[in-house]
Amino acid sequence: MKISKHSIFMFSIIFLLLTSLTFSQEITLPIEAQYTLLKKVLNYDRSLKERCGSEIVIGVVYQSRFSASNSTKEYLLHSWENESTNPRILGLPVRMLAIDLIGGELETMMLENEIDILYVMPLRAISIDGIAQISRTHGITTVSSIVEYNYQGLSIGFDLVNKKPKIVINYPAALAEGIDLKSTLLQYAKLIE
């Protein structure tokens, strides 16, 4: 069987496109470090307490059939479970639950579980803009495990810059979600305007 130059060229282009998609889903800061930073960042949201009520519910959005998503979710839940028996943010108890996108419609699951914060794991073939729109409609804070998702409309993320953790804030997205971050945090964060 003879393979044409055109076939090799097309295969090369497809391979490059697929590998670039994989790299765009890279988690630059380990999830355990992200969770530690998230707890600190949430303490700078002046409106969180009034939006949450008596507890903070963090929904971890993932896809069980996508191994990168599932394993990242497992690392995050493991970090949370290894913390003290009563994790608290702003004096409120924190409850974390997994939301598998394979199992149902996101908006319904968010409302049924009274989600306050969506922590988005790596996803495949899901509209990040769609997640952002749903969260804005309901005043739910979005957090991204992948910094690229912040450029696509999620409000809070984390990156590794010069081997140091960096908080990333999509400022227009944060405002649309009803987040009121203190200026002391904003001056240290990388802002997406």
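Can Asn162 be described as surrounded by fewer than 18 Cβ atoms within 10 Å (Cβ to Cβ), over 14 Å from the mean Cα position of the chain (by Cα) and either within 17 Å of Lys73 (Cβ to Cβ) or touching a residue at least 24 places away in the same chain (Cβ under 8 Å) (or both)? No. For the criterion of being open to solvent by less than 10 Å² (accessible area, probe 1.4 Å) and over 17 Å from Leu37 (Cβ atoms), Ile131 passes.
The residues listed here are Asp45, Asp100; of these, the one that is among the acidic types (Asp, Glu), open to solvent by less than 70 Å² (accessible area, probe 1.4 Å) and within 26 Å of Ser183 (Cα to Cα) is Asp45. Take the conditions modelled with pLDDT of 80 or more, among the β-branched types (Val, Ile, Thr) and outside any loop (DSSP other than H, G, I, E, B) and apply them to Thr19. Does it pass? No: the conditions fail for Thr19.
Of all residues being more than 20 Å from Arg65 (Cβ to Cβ) and assigned to a loop (DSSP other than H, G, I, E, B) in the stretch 103-128, which is most open to solvent (accessible area, probe 1.4 Å)? Just the residue, please.
First, the residues of the stretch 103-128 that are more than 20 Å from Arg65 (Cβ to Cβ): 107, 110-117.
Narrowing further to those that are assigned to a loop (DSSP other than H, G, I, E, B): 113-116.
Numbers: Asn113: 54, Glu114: 130, Ile115: 10, Asp116: 21 Å².
By that ranking, first place goes to Glu114.
Counting only helices (runs of 4 or more DSSP H) wholly contained in the stretch 26-84, the ones carrying 3 or more residues that are free of Cβ contacts under 8 Å to residues at least 60 places away in the same chain, within 13 Å of Leu97 (Cα to Cα) and out of contact with any Asp or Glu (no Cβ under 6 Å at 6 or more places or on another chain) occupy 67-81.
The values are calculated or read from the model by the stated rules, or taken from the named source; none is laboratory data. Just so we're clear, the structure is a prediction, and the values are computed from it rather than from any experiment. Virtual Cβ from ideal backbone geometry, glycine too; neighbours counted across all protein chains shown. Note: areas computed on protein heavy atoms with side chains; ligands, DNA, RNA excluded. Shrake-Rupley method; radii C 1.70, N 1.55, O 1.52, S 1.80 Å.
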